[in-house]
Amino acid sequence: MNIQDVLTNKVKEAVQSIFNAELPAVEFQPTRKDFEGDITVVVFPMLRVVKGNPVEIGTKIGEYLVANVDEVAKFNVVKGFLNIVIDDAYYLNFFNAIKSIEDFGYVSTEADNAVMVEYSSPNTNKPLHLGHIRNNLLGYAVAEIIKASGKKVYKTQIINDRGIHICKSMLAWQRFGNGETPESTGLKGDKLVGNYYVAFDKAYKAEVAEMITKGTDKAVAEKEAPILIAAQEMLRKWESGDDEVVTLWKTMNQWVYDGFDITYKNMGVDFDQLYYESNTYLLGKDVVADGLQKGVFYKKEDGSVWIDLTDEGLDEKIVLRSDGTAVYMTQDIGTAIQRVKDYADVGGMVYTVGNEQDYHFKVLFLILKKLGFSWAERLYHLSYGMVDLPSGKMKSREGTVVDADDLMQDMAQTAAKISEDLGKLDGYSEDEKNDLYKMIGLGALKYYILKVDPKKRILFNPEESVDFQGNTGPFIQYTYARIQSIIRKADFDYSMDIDLASIKGFHEKEKELLKQIQLFPETIQLSADNYSPALIANYTYDLVKEFNSFYQNVSILGEENMQKKILRVQLAKKVGEVIKSSFKLLGIEVPVRM
């Protein structure tokens, strides 16, 4: 039980004993730096059940805590704030108990009630771009954080491998490709296929422009351009199982998958299960038929099937067209149900999808609830804002997308330039430097994106993200490397437990660092509950700031009191372990020297 839980029980007990009143909750906050104390009880909310002067109420509760709680050393009251000083022995006992725990803060995995986290889910007509980077980093980090909070996690994606956009790339390759392949061009397969998606758009616009100059109405030209008609015919052939079209589809999709695999590996993300739209697009039609019988859906005169959600503040939504074909909603209903069939222990799902799909997921989750699936209560849309660059908005059809591979490479180059300008890596071989540049560059990118609340839009500035000062990945990585240097220089046995008398109490900076370490398990749980890697990222920055203040204000290896020296090395080591653990949750590596 942490100190806040202990104090919650005892403050309630004090109010019952002194004032004969029942306190529903206790409000805490960190003690302000200009007052003595480690944790503060806010007295003002108690006035709803206890009448009197806040200072007098706080004083009586403080006296009760000193008399009845071993961990409380003393207190002071400032207006309506009860500032409590926690005994040094409490922090020392806490530290001796956790200093040898490798995965401090992580909770053992529960056997059931797993969570499936979906992320990435790209189209197979183009490479991954900057938007996919935020999606992948968020989805992967949330999956790792939920896992650390004690739940079993399955990472998945549904690959959008069918549809008119795929056929556009295929048709352009047939017409303009001259048989080229990733091997013959030296291009990653996803980039090669993406080039033909751009080529299709260029040819389509040229045909539309020509038709308009010959007197065709623009709207008609855009619908009847010959190359678009040909792509639509190719889609019909694919849906009917035409051997030639299906073979080309399989070939070009495999080029893309091979390219994606390289990008995912470089990005440091992975998946446990892949779903393909070509296998799932017919799912859900049987569920619609069942829902019709139950009265969840209704049929219109033209034969189309709908659901009326106006009572829930939404609108009417089609789930089956009049010709019997499915819409995306139908497919998503069927895919969700299929996943629970495939993994019987799945009790909830997280969908990492941009905020332009907010309404879609409100409807999807509500439909699944109305269909009677209990797990539908535990569905979450991890909605996130766009990522912009100073250069402006991206458009994949026009080839102006910021390619994920290129951006990651650029980040390594930016890290190299800044590191060399600062003279950070003297004495490194070229291979060591290149490996470190990748680690710093990718760490900078990931941290810059993950430190922001997912719902907020981001303006990504590459150079700002690689700054070695401030709330950045490289600043935290550099602090970790500094700690490893301290540990390497500690040429004595620092493994023993410390007793309070030998260190004659904690230095203020030691205590502040211990308090920050103590917050890590709670931060993991909060981050998992809120699906927010930003809480982990900013906790880590706060820990690093606290460590650097400690480092600047006390001597570590130069301390004369051997017990103090041992304690400080142990503290530094544990801070390093927590940095590494928290960054692991974010998918960021840390260097042993830098």
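Annotation for the range 180-192: at least one member residue is over 18 Å from ILE262 (Cα atoms), touching a residue at least 12 places away in the same chain (Cβ under 8 Å), surrounded by 12 or more Cβ atoms within 10 Å (Cβ to Cβ) and out of contact with any strand residue (DSSP E or B) (no Cβ under 7 Å at 6 or more places or on another chain).
Scanning the range 17-26 turns up one or more residues that are modelled with pLDDT of 95 or more, polar (S, T, N, Q) and assigned to a loop (DSSP other than H, G, I, E, B). Across the range 99-142, the qualifying residues are those that are of a type in the set (Phe, Trp, Tyr) and surrounded by fewer than 24 Cβ atoms within 10 Å (Cβ to Cβ), and the one among them that is nearest to the chain's Cα centre (by Cα) is TYR106. Checked against (1) open to solvent by 50 Å² or more (accessible area, probe 1.4 Å); (2) among the aliphatic types (A, V, I, L, M); (3) farther than 27 Å from GLY131 by Cβ; (4) outside any loop (DSSP other than H, G, I, E, B), VAL288 passes all but condition (1). One residue stands out in the range 457-490 among those that are at pLDDT 95 or above and of a type in the set (D, E, K, R): the one that is nearest to GLU144 (Cα to Cα), namely ARG482. Checking the range 205-220 against the condition returns no match, with no residue being open to solvent by 70 Å² or more (accessible area, probe 1.4 Å), within 27 Å of THR325 (Cα to Cα), touching a helix residue (DSSP H, G or I) at 6+ places or on another chain (Cβ under 9 Å) and part of a helix (DSSP H, G or I). If you go through the range 33-61 and keep only what is open to solvent by 70 Å² or more (accessible area, probe 1.4 Å), without any contact (Cβ under 8 Å) to a residue 40 or more places away in the chain and either within 29 Å of GLU508 (Cβ to Cβ) or of a type in the set (Asp, Glu) (or both), you end up with LYS33, ASP34, PHE44, GLU56.
Taken as a whole, the condition of being closer than 27 Å to ASP34 by Cα and assigned to a helix (DSSP H, G or I) applies to GLN516.
The residues of the range 292-346 that are of a type in the set (Asp, Glu), within 18 Å of GLU377 (Cα to Cα) and either open to solvent by less than 70 Å² (accessible area, probe 1.4 Å) or touching a strand residue (DSSP E or B) at 6+ places or on another chain (Cβ under 9 Å) (or both), listed by number, are ASP332, ASP345.
Quick check, is GLU239 acidic (Asp, Glu), within 19 Å of THR124 (Cα to Cα) and open to solvent by less than 50 Å² (accessible area, probe 1.4 Å)?
Numbers: acidic (Asp, Glu): yes; within 19 Å of THR124 (Cα to Cα): yes; open to solvent by less than 50 Å² (accessible area, probe 1.4 Å): no.
Spelling it out, it is not the case that GLU239 is acidic (Asp, Glu), within 19 Å of THR124 (Cα to Cα) and open to solvent by less than 50 Å² (accessible area, probe 1.4 Å).
Counting the residues of the range 71-98 that are open to solvent by 40 Å² or more (accessible area, probe 1.4 Å), closer than 28 Å to PHE35 by Cα and part of a helix (DSSP H, G or I) gives 1.
Run down GLU110, GLU102 and say which single residue is out of contact with any helix residue (DSSP H, G or I) (no Cβ under 7 Å at 6 or more places or on another chain) and over 20 Å from ASP342 (Cα atoms). Spell out how you get there, then give the answer.
Details: GLU110 fails: over 20 Å from ASP342 (Cα atoms).
Testing whether each residue is out of contact with any helix residue (DSSP H, G or I) (no Cβ under 7 Å at 6 or more places or on another chain) and over 20 Å from ASP342 (Cα atoms) leaves just GLU102.
The values are calculated or read from the model by the stated rules, or taken from the named source; none is laboratory data. The structure displayed is predicted, hence computed values, not measured ones. Every residue, glycine as well, gets a Cβ built from its backbone with ideal geometry; the counts of neighbours run over all protein chains shown. Keep in mind that these areas ignore ligands, DNA and RNA; they rest on the heavy atoms of the full protein, side chains included. Shrake-Rupley method; radii C 1.70, N 1.55, O 1.52, S 1.80 Å.
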